[in-house]
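Asker: What follows is a structure written as structure tokens; I'll ask about it next.
The values are calculated or read from the model by the stated rules, or taken from the named source; none is laboratory data. Owing to the predicted nature of the structure, the values given are computational and were not obtained by experimental measurement. We place every Cβ from the backbone using ideal geometry, glycine too, and count neighbours over all the protein chains shown. Keep in mind that these areas ignore ligands, DNA and RNA; they rest on the heavy atoms of the full protein, side chains included. Shrake-Rupley method; radii C 1.70, N 1.55, O 1.52, S 1.80 Å.
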Amino acid sequence: MRKLIVDILKKDPEIEIIGQAVNGKEAIEKAKVLKPDVITLDIEMPEMDGISALKILKKELPQTKIIMFSSLTQEGAKATIEALSLGAYDFVPKPSTKSFLESVKKIENDLLPKIKGITSSKEIKSFKITPSQKLLKPGLFRILGIGVSTGGPQTLIEIFKGIPKNFPSPILIVQHMPPLFTKQLADRLDKISPLQVKEAEDGEAIKEGVVYIAPGDYHMEVVKENTQKYIKLHQGPPVNNCRPAVDVLFNSLAEIYNGSSLVLILTGMGRDGAEGAKKVKLKGGGVIAQDAQTSVVFGMPRAVIEAGLADEVLSLSEIPKRLRELFRCY
């Protein structure tokens with residue numbers, strides 16, 4: 001696996017490999033000397049595993065971004081969510097295909113954009129904006145939609161620690177992740193939050209104060225029958241190369257809830273969520289974006305802000321307090 005990754009990265013002239021390690025212990029020793037921008041770290045390693053190494057690397061080299069390699073198993077997914085919660089930048093699933101060429105292509109497609117995203121995110125931390133500054137009014141909103149990608153688990157944990165048990169509305173989340181990983185994320189958030197957090201199921205009635213996470217590989221929408229609203233999951237074509245896609249969720253919230261939907265765009269690569277946020281705005285709903293300084297990757301929030309769609313731009317620490325104000329729960 002290590003040789004495969006090296007061969008893939010060597011082909012890219014913008015990437016320089018400055019060291020390799022056979023286990024977590026050696027990785028820590030070499031990283032202290034070499035001080036790399038990025039480390040790829042396998043969760044399963046002899047002598048010292050990836051999670052143990054990650055904890056030490058985050059303390060010793062806080063500026064170094066760490067991308068985990070994870071197996072597509074329930075245990076692998078659980079360990080990956082733990083790694084992301086501890087501050088890993090992102091993860092790449094190990095290919096499950098038996099074809100060598102397919103494995104190479106899969107790693108190239110997954111890993112290279114993530115490494116390139118790290119360098120581009122460094123350049124825009126100083127990004128300054130003037131939001132549309134329509135200050136949102138408390139009491140108007142009946143549902144919260146959240147779109148998030150790279151850096152999501154850590155960010156969501158921080159937000160949900162600050163949302164109280166009496167939150168009066170449903171919360172629907174699209175986090176770009178494969179199957180298994182979304183269920184592990186829901187379980188993790190359920191443990192730290194006073195709210196019930198679950199992976200969404202097709203056809204279930206939407207309840208106030210419950211948090212629904214779109215399952216990996218399924219788009220999530222809201223549909224209405226009489227006065228009751230339900231979750232609809234489907235495997236329609238990817239949108240913005242994503243399934244689940246934030247745009248799909250936000251578009252349905254705009255249609256069903258009109259001006260009473262509030263959407264929150266958090267850290268992530270790309271621009272998924274911008275079109276959906278536009279529709280929410282057209283229907284009279286509200287849009288909040290995370291700021292550049294606290295976003296792990298400022299792609300998705302930036303797309304919304306630059307399009308003039310953000311009513312408010314907030315730091316990660318400000319978001320839970322603002323949500324408590326807007327939904328009138330303390």
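Asker: Say we join alpha carbon atoms closer than 10 Å with springs in a Gaussian network model of the chain; which of 316, 101, 185 then has the biggest fluctuation?
Answerer: 101
Asker: Still on this structure, please answer the following. With 20 Å bins from zero, work out the P(r) of the chain over every alpha carbon pair and list the percent per bin.
Answerer: The percentages, shortest bin first, are 32, 56, 12, 0.
Asker: I'd like to know how region 1-78 sits against the 2.2 N^0.38 Å rule of thumb: what's its Cα Rg over that expected value? Let's see the in-between values first.
Answerer: Details: Rg = 12.5 Å, N = 78, 2.2 N^0.38 = 11.5 Å.
Its radius of gyration relative to the 2.2 N^0.38 Å reference: 1.08.
Asker: Ok, one more. Using modelled amide H (1.01 Å from N, peptide plane; none on Pro or chain starts), what sits under 5 Å from the amide H of residue 210, excluding residues fewer than 5 places away?
Answerer: When sequence neighbours closer than 5 places are left aside, the close amide H contacts are 171.
Asker: Write down the accessible area per residue of the chain in Å², having rolled a 1.4 Å probe over the full set of protein chains. Write out the running numbers ahead of the final one.
Answerer: Numbers: 15010 Å² over 330 residues.
Averaged over the residues of the chain, the accessible area is 45 Å².
Asker: Express in nm, to one decimal, how much length is gained between residue 32 and residue 321 on full extension, taking 0.36 nm for each residue of separation and deducting their alpha carbon distance. All intermediate terms of the calculation are to be shown ahead of the outcome.
Answerer: Values: separation 289, 0.36 × 289 = 104.04 nm, distance 3.81 nm.
My answer for the length gained is 100.2 nm.
Asker: Probe radius 1.4 Å, ligands and nucleic acids left out: which of 282, 61, 266 has the largest accessible area, and how do the rest follow?
Answerer: Values: 282 145, 61 20, 266 0 Å².
So the residues, ranked largest to smallest area, are 282, 61, 266.
Asker: Hey, another quick one. Quick check on the chain: helices-only [θ] at 222 nm, where DSSP H runs of length 4 and up contribute -39,500 (n - 2.57) each and the sum goes over total residues. Nearest 500, please. Before the final figure, lay out each step's value.
Answerer: Values: 11 runs with 125 residues, N = 330.
Only helices count here, giving -11500 deg cm²/dmol.
Asker: I've got another one for you. If a helix is a whole DSSP H run, which ones in the chain reach 18 Å or further along their own axis (Cα) and hold a mean Kyte-Doolittle hydropathy of at least -1.0?
Answerer: Details: long enough: 100-123 (35 Å, -0.42).
The answer, listed by residue number, is 100-123.
Asker: What is the antiparallel percent of DSSP beta bridges lying wholly in the chain, to the nearest 5? Present the calculation step by step, with values, prior to reporting the outcome.
Answerer: Details: 9 of 43 bridges.
So the antiparallel bridges in the chain amount to around 20 percent.
Asker: Which of the trypsin sites (Lys or Arg not before Pro) across region 186-234 are loop residues per DSSP, with 11 or fewer other Cβ within 10 Å?
Answerer: Numbers: sites: 188, 191, 198, 207, 224, 229, 232; in loops: 207.
Counting only loop positions with at most 11 other Cβ atoms within 10 Å, the trypsin sites (Lys or Arg not before Pro) in region 186-234 are 207.
Asker: Going by average Cβ neighbours within 10 Å, how do the peptides 4-11, 157-164 rank, with the highest at the top? Please report the intermediate quantities before stating the final value.
Answerer: On the way: 4-11: 14.0, 157-164: 17.2.
So the order, starting with the most tightly packed, is 157-164, 4-11.
Asker: Heavy atoms only, probe 1.4 Å: what % of the accessible area of the chain goes to carbon and sulfur, would you let me know? Don't skip to the end; give the middle numbers.
Answerer: Working: 7670 of 15010 Å².
Result for the chain: 51 percent of the exposed heavy-atom area is carbon or sulfur.
Asker: Additional query: Quick one: if you take sqrt(5λ) for each eigenvalue of the C-alpha gyration tensor of region 47-119, what semi-axes come out, biggest first, whole angstrom?
Answerer: Rounded to whole Å, the semi-axes are 22, 16, 9.
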